[in-house]
Amino acid sequence: MQRSRRPLLIAILVVALVAVAAFFLLRGKSAEGEAKKADKPAATARPALTVTVVQPQPAELVAGLPANGNIAAWQEAIIGSESAGLRLADVRVNVGDVVKKGQVLATFSGDTVQAEVAQARASLAEAEAAAADAAANAERARTLSATGALSQAQINQYLTTGQTAKARVEAARAALQAQQVRQRNTQVLAPDDGVISSRTATVGAVVGSGAELFRLVRLGRLEWRAEVASNELPKVRVGQKARVTAASGVTVEGTVRALAPTVDPQTRNALVYVDLPGNGDVRAGMYARGEFMLGRIQQLTVPQSAVVVRDGFASVFEVAADGKVAMRRVTTGQRAGDRIAIAEGVKPEMKLVERGAAFLNDGDVVQVQGQGQPTPAAAAPAPKQ
């Protein structure tokens, strides 16, 4: 019985040994196969895109400070009535008319004023006659003072009457001059050269003294009142040039005339006043954007197609020697034609994807146009074990 079991035990032992040997053999082959599979994708990685590369190029650009603001009149003169209770007889200008200094803008009816001038002139003549008579009496009293024919009190009375009559002449003359001024004020004159921007004068209206009749843009000068942040204000200087684009699309070049001495406590912005040249398409009340010319600087530029915006940030893709791309976040500056300045984030020796960057992700493999298949670093021979 024991002899019959011995061959069975031997057979079971042999089968177990064969199974163990097969297990370790298959495990080794599986590990080797997995290692080969791990190396295979890196060695045979296919490019995600065929691209062209560019390098950042230095360029001389005009540094600018953007700003927004309103276009307004440099000075707007209010022209009012200086005569009370007179009727407007004629209005000779309308809004938009160009006028010269001293030009007649409107006239009031002068019949009442002419009558008052005539009355004042007659009062002056009467006062002058009375003054002449009083002066003669005073002179006679003065000559009789030595004879004793008149008392000193009478003599003083004649002298006083003469001086009073003389004062009345001066008062009548002043009243006449006042009426003559009022007569001249029946003509409303332009105080300066300029453009009529507003008219409230109406023929037939009886206006009071000081009532507004017209508004005049003095010399036709306009200015751009740009709002500049307080931290940027030190960059702006009087005399600098500024390029202003009005809402009409017209671009004009102005000159900084003055900087506001205070900053708005609500917005923390200050006003910069820029004189603008005359242009029929630039009008007071327009909203305009512009840029202050701060000077020329050297900056690296790249084509605008090389810059992509993701998650609100501008980025470029740098191509490494092994064909992989790396996304680099950059700080962009002003645009010059089809190129854009890069303030931070690139170096002159970098090779950047020129087109198609929007279809790439960080770490993708690309093929550079004009070169062969990229050779990844993983394809290099492995060191000896």
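No value in this document is a laboratory result; all are computed from the given coordinates. Predicted model, so just to flag it, every value in this text is computed and none were measured. Positions of Cβ are backbone-derived with ideal geometry, glycine not excepted, and every protein chain shown enters the neighbour counts.
Here are some notes:
- Between the C-alpha center of segment 310-369 and that of segment 227-282 there is a gap of 35 Å.
- Reachable aspartates and glutamates from K241, criterion Cα separation under 17 angstrom, eight or more residues apart if same chain: E223, E227, E232, E253, D275, E291
- Against the chain, whose longest principal axis is taken from its Cα atoms, helix 2-43 shows a tilt of about 30°.
- Packing-based order for 356-367, 215-226, 183-194, using average beta carbon neighbours within 10 Å, highest first: 215-226, 183-194, 356-367
- Between E139 and A260, the simple label model (points 7 Å from Cα in the Cβ direction) yields a spacing of 7.1 nm.
- Principal axis dimensions, largest first and in whole angstrom, of segment 173-315 by Cα: 83, 30, 29
- Mean separation of Cα contacts under 8 Å, 6 or more apart, over the residue count of the chain: relative contact order %: 25 percent
- All aspartates and glutamates inside 19 Å of K351 as judged from Cα atoms, apart from same-chain residues fewer than 8 positions distant: E318, D322, D338, D362, D364
- Debye, to nearest 20: dipole size of the chain, +1 on Lys, Arg Cβ, -1 on Asp, Glu Cβ: 2340 debye
- Each residue of segment 110-115 was assigned a 3J(HN,Hα) from its phi angle through the Karplus curve 6.51 cos²θ - 1.76 cosθ + 1.60 (θ = phi - 60°); the sequence is x, 4, 5, 5, 4, 5 Hz, with glycine and proline shown as x.
- Here's the picture: charge each Lys and Arg Cβ at +1 and each Asp and Glu Cβ at -1 in the chain, and of P234, L259, L150 the one pushed furthest to the positive end of that dipole is P234.
- Computed over segment 111-185, Kirkwood Rh from alpha-carbon pairs, angstrom: 13.7 Å
- Cα lying deepest toward the dipole's positive end in the chain, options A84, Q187, V365, charges on Cβ: V365
- Residues of type aspartates and glutamates that K166 reaches as a straight line, Cα spacing below 17 Å, ignoring anything fewer than 8 places off in the same chain: E126, E128, D133, E139
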